[in-house]
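Please read the structure below before turning to the comments.
The values are calculated or read from the model by the stated rules, or taken from the named source; none is laboratory data. In this text the structure is predicted, and so the values were computed from the model without any measurement. Cβ placement follows ideal geometry from the backbone for every residue including glycine, while neighbour counts extend to all protein chains displayed. Only protein heavy atoms, including side chains, enter the accessible area calculation; ligands, DNA and RNA are left aside. Shrake-Rupley method; radii C 1.70, N 1.55, O 1.52, S 1.80 Å.
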Amino acid sequence: MRLAAATAVRQFTSGSLTVNTPPANADVNPGEVLVSLVANSHRSDDRTLHFLIWMAAEPAIMRDVPGTLNWFVNEGGQYMPLTGKLLGKMMRRICDTRDEAMLSQAVEALGGLPAGDRPLLAAALEGLIEGQRGKALIPAAGAVDIVARLSSDADMKVASLAQQLGTLWGDARALKASLALLNNNSAPQADRIAAIKSASQQKSDDTRAALMQLMGSAAADALKTEAVRALMVVGVDATGPKLLEQWDGFTPAVRRAVAELATTRWQWKWPFLGAVEAGKINRMEVPPTVIRTFATSKDDTERAKATQLFGKFNQTPAEKEKLIAEKRRIVLSGKPDLAKGHETAKTACRVCHKLHGEGADIGPDLTGVGRSTLDALLANVITPNQIIGAGYENVVVETKDGRSLSGRLVEETDSRIKLVNLGPTEFVIGKEDIKTRTVSEMSLMPEGLENLPDEDFRDMIWYILAPPQDGPLTDEKRRELIGAEADSASTHAPIDGESVALWNPDWRVIAPEFEGTPKKHPEYGGRKNVLETHPFDDNKPSALERVFDVPAAGATLTVETAAHERGDWELRIFAQGEVLKRQLINRDNGTWQTVTADLGKFAGKRIVVRLENMAGGKDDWSYEFGYWGGVELKPGGALQASR
């Protein structure tokens, strides 16, 4: 009900679902409904509901900033933590407007929050800090003074956040405190990292000196890596060579960060390449991402030097196919050690990908991407540049101050963009600071994982294919994982595995490569974002799998499916291995069929749901293509959902 109410309210605050336009009923004031939604949802952990409430409220908020701020000051504290999320988003949105007067008004309002509402104030300050990254917008002097006073607040979190914000605005006292904090060995690591991030917005000699002092200390790798990222922004010509002088004293993790720094300015590139050529840096220690940057440089001299130092960067397709076949034999020989595979995956894969909640959010989540079969996984690992999924392109930005930065574009507003790269490394760049922006033909994922020792490679591949969270690696599962080899004689285009996974990242797609499927269609049969699958054979279905947390009140699973115009197939819905529904999917009553299954008996439980595309119908094994328009879990059992 609340999801429906939030969606309905959006219609009264904007004339469009995704873009703010004047509403059709501008005279309607949805304020009371929004307050009721917040009051009845503030303890919910449903992120979708919270997002929809924000989408409904945001246009109204920005039309009446003073009135909204007044409501947060007087009422916001009682509806935490939801109001904290909403106020933080509001602060970011205000920063995006680049309106100094509006920002000043917002900060002055925060200064009036009651003493008992410090968690709400902290959330607002976090939103302001995030909104100021990339290009700070400094408010009026009175607002700066309010933040300066808050840096001495009795609440330690508020004081720390106010200090970070003051540093971003160039407050001398706040900057001095941040520089002292980042080299304070007694301070919590999280606070020191936050201080480094804030200080990186101030290109001063004092900032550079403090960061270099940290690099020469016995600080943890996480601190030094963050300091290197800050030096990418505030460094000068001498910064790169000075870091190279300390190379031997750095750990592998810090060396990687320094090598990546060296690729961002030409003044740092040649000292780094010179150190490699002189043998001061072992070329085997240079990360593949760094080699790739040099090998694909626009500068002919850089590319030639990279070829001289590191060899030919790209292999031919024939060599890749031979390598995949060789690695397949290695993976299938011997018994894998999944525990060792887990450790290898931590360093080789999870700096970029997540798997069952562990790892970084740079590349696609491996829980449902590219590991449905051994062949699919090997292709993704060994030939990462063959297919680059939509949304995961490598964006290259040259800034007006001479930096060259690259990564996946994860956020773009009118005033800034945000890129993430391996590490994870995050770059927030003001649009007015961008000189050029291009999309590279190279994937963010580096080549070279096949160079791991054979045993480590085998263990890693099997861990990714069949981690313990997916259940035991039975003989049947092993055969399923290794049996779906691609037909090398196929005339169809290569399967875009990442795009297939991005149809709905929560679902794991288990399907053979059959006549161009699995495939994600931008539009099919009047529906957008449609997945197409085909069974393995007339006895083995393709399938979609995912884990659901069924609400205590139960839920109804709704599946939108279609059949090929010349065929039909059987949809089977399983929950915890139990068949809930079997239904023939055909074109007798139109293109799309909506099929539901009641999950009420699993109320309050975590379950595995499996949807199967099974051969069946009038003509078995004839155009058994399944089309998936969408799958939705609606709270409430069958009776409740029908009301």
Selection from region 37-53 of residues that are in a helix (DSSP H, G or I) and without any contact (Cβ under 8 Å) to a residue 24 or more places away in the chain: Arg47, Phe51
Selection within region 257-299 - farther than 22 Å from Thr399 by Cβ and charged (D, E, K, R): Glu277, Lys280, Arg283, Glu285
Residues of region 437-457 satisfying the condition of being open to solvent by less than 50 Å² (accessible area, probe 1.4 Å) and under 23 Å from Lys269 (Cβ atoms): Ser440, Met442, Ser443, Leu444, Met445, Pro446, Glu447, Gly448
Qualifying residue in region 347-367 (condition: modelled with pLDDT of 75 or more, farther than 16 Å from Asn504 by Cα and either assigned to a helix (DSSP H, G or I) or of a type in the set (Ser, Thr, Tyr) (or both)): yes
Scope region 550-577; condition of a type in the set (Gly, Ala, Ser), closer than 14 Å to Tyr627 by Cα and assigned to a strand (DSSP E or B); matching residues: Ala562, Ala563
Qualifying residue in region 520-527 (condition: in contact with a Phe, Trp or Tyr (Cβ under 7 Å, 6 or more places away or on another chain), at pLDDT 90 or above, of a type in the set (Ser, Thr, Tyr) and buried (at least 16 other Cβ atoms within 10 Å of the Cβ)): no
All positions within region 217-231 that are among the aliphatic types (A, V, I, L, M) and over 24 Å from the mean Cα position of the chain (by Cα): Ala218, Ala219, Ala220, Leu231
Entirely in region 503-548, the strands (runs of 3 or more DSSP E) that have 1 or more residues that are touching a residue at least 12 places away in the same chain (Cβ under 8 Å) and aromatic (Phe, Trp, Tyr): 519-524
Selected residue (only one of Ala172, Ala190, Ala154 is among the small types (Gly, Ala, Ser) and modelled with pLDDT of 90 or more): Ala154
Pair list, Cβ under 9 Å, 6 or more apart: region 605-616 residue touching a residue at least 60 places away in the same chain (Cβ under 8 Å) and open to solvent by less than 50 Å² (accessible area, probe 1.4 Å), other residue in a strand (DSSP E or B) and polar (S, T, N, Q): Leu611/Thr561; Glu612/Ser542; Asn613/Thr533; Asn613/Ser542; Asn613/Thr561; Met614/Ser542
Residue match in region 533-545 (condition: within 30 Å of the chain's Cα centre (by Cα), under 17 Å from Ala597 (Cα atoms) and open to solvent by less than 40 Å² (accessible area, probe 1.4 Å)): yes
Test: residue in region 489-497 that is surrounded by 14 or more Cβ atoms within 10 Å (Cβ to Cβ) and either modelled with pLDDT of 90 or more or farther than 23 Å from Gly357 by Cα (or both): yes
Members of region 141-186 that are loosely packed, with under 15 Cβ neighbours inside 10 Å and either assigned to a loop (DSSP other than H, G, I, E, B) or touching a strand residue (DSSP E or B) at 6+ places or on another chain (Cβ under 8 Å) (or both): Ser152, Ala154, Gly170, Asn184, Asn185, Ser186
Residue in region 54-73 that is in a helix (DSSP H, G or I), at pLDDT 85 or above, open to solvent by less than 20 Å² (accessible area, probe 1.4 Å) and among the acidic types (Asp, Glu) present: yes
